[in-house]
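Chemist: One structure, as structure tokens, below. Some questions next.
The values are calculated or read from the model by the stated rules, or taken from the named source; none is laboratory data. None of these values were measured; they are calculated from a predicted model. Cβ coordinates were reconstructed from backbone atoms using ideal geometry, including for glycine residues, and neighbour counts include every protein chain displayed. Ligands, DNA and RNA are excluded from the accessible area calculation, which covers all protein heavy atoms including side chains. Shrake-Rupley method; radii C 1.70, N 1.55, O 1.52, S 1.80 Å.
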Amino acid sequence: MTRIGLLSDTHGYWDQRYEHYFANVDEIWHAGDIGSMEVAERLEALHPLMAVHGNIDGGDLRRLYPETLRWRCEEVEVLMKHIGGHPGCYDRSIAATLFASPPQLFISGHSHILKVEYDKRLRLLHINPGAAGIQGWQRQRTLVRFSIEGHDIKDLEVIELK
């Protein structure tokens, strides 16, 4: 079983509670708009980091983290892209990829809106962890934790950073 801590849209903001809430995970996944090398380095110091760059990320982060990342976690194929949309309204930059070869788990950020939704048409789970940083219009900052065991995505928790 692999335990994952998922966040997005930190925009360079570090919250000490990331360490607390991600203490017992095996990997941290960041869905873009990291905002600073310092945030990336601090997350990497906690656990292995899988990340994509977002639209606000500068050249240093773009060199380290791709725009789109596809990999396997246990027996689940994962696709992550910062600007990805959601079921019924995928961004045109990723829609063709999703329809041609859907993963089991699609992760995106950008909207600052927490969303966990199953796409019946593509038979994939979409997760947008919302925004963990303080920049933006969101009223509630959020993180997500979940586990992958074999083919199963389970134990999903939403953490509100009040």
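Chemist: Quick one: which residues, 5 or more positions from CYS73 or on another chain, have an amide H under 5 Å from its amide H? H modelled 1.01 Å from N in the peptide plane, none for Pro or chain starts.
Modeler: VAL78
Chemist: Pop a pseudo-label 7 angstrom from the Cα along the beta-carbon direction at both GLU74 and ARG92 and give the gap in nm to one decimal.
Modeler: 3.8
Chemist: Convert each backbone phi in region 134-145 into a coupling constant with the Karplus relation 6.51 cos²θ - 1.76 cosθ + 1.60 (shift: θ = phi - 60°), then list the ³J(HN,Hα) values in order as whole Hz, x for Gly and Pro.
Modeler: For region 134-145, the Karplus curve yields 9, 8, x, 8, 4, 8, 10, 8, 9, 10, 10, 10 Hz.
Chemist: I need the Debye-formula profile for region 31-124: one equal scatterer per C-alpha, no solvent, reported as log10 I(q)/I(0) at q = 0.13, 0.21, 0.22, 0.24 1/Å, two decimals.
Modeler: With no solvent term, the Cα-only Debye profile gives -0.45, -1.08, -1.16, -1.30.
Chemist: Here is a follow-up. GLU19 to LEU156: FRET efficiency via 1/(1 + (r/R0)^6), r the Cβ-Cβ distance, R0 22 Å, to the nearest 0.05?
Modeler: 0.60
Chemist: Still on this model: So what J values fall out for region 21-33 if you push phi through Karplus, 6.51 cos²θ - 1.76 cosθ + 1.60 with θ = phi - 60°, rounded to Hz, Gly and Pro as x?
Modeler: 6, 9, 4, 9, 8, 9, 9, 10, 10, 10, 8, x, 6
Chemist: Using the reciprocal of the averaged 1/r over all distinct C-alpha pairs, how large is the Kirkwood radius of region 1-72 in Å?
Modeler: Mean inverse Cα-Cα distance, inverted, gives 12.1 Å.
Chemist: Specify the inter-centroid distance of region 5-58 and region 107-127, based on alpha-carbon positions, in whole Å.
Modeler: Spelled out, the Cα-based centre of one part sits 19 Å from the other.
Chemist: Which value at 222 nm does the chain reach when only helices count, each DSSP H run of 4 or more adding -39,500 (n - 2.57), with the total divided by all residues and rounded to the nearest 500 deg cm²/dmol?
Modeler: -5000 deg cm²/dmol
Chemist: What is the projected area of the convex hull of the Cα atoms of the chain, averaged over all directions, in nm²?
Modeler: Dividing the Cα hull surface by four gives the mean projection, 8.5 nm².
Chemist: For region 107-162, what class follows from the C-alpha gyration tensor (a ≥ b ≥ c being the square roots of its eigenvalues): rounded when a/c is under 1.5, otherwise prolate if a/b is larger than b/c, else oblate?
Modeler: It is oblate, given that a/c is not under 1.5 and a/b is not larger than b/c.
Chemist: Accessible area per residue for the chain in Å², computed with a 1.4 Å probe and the full protein assembly in place, what is it?
Modeler: 48
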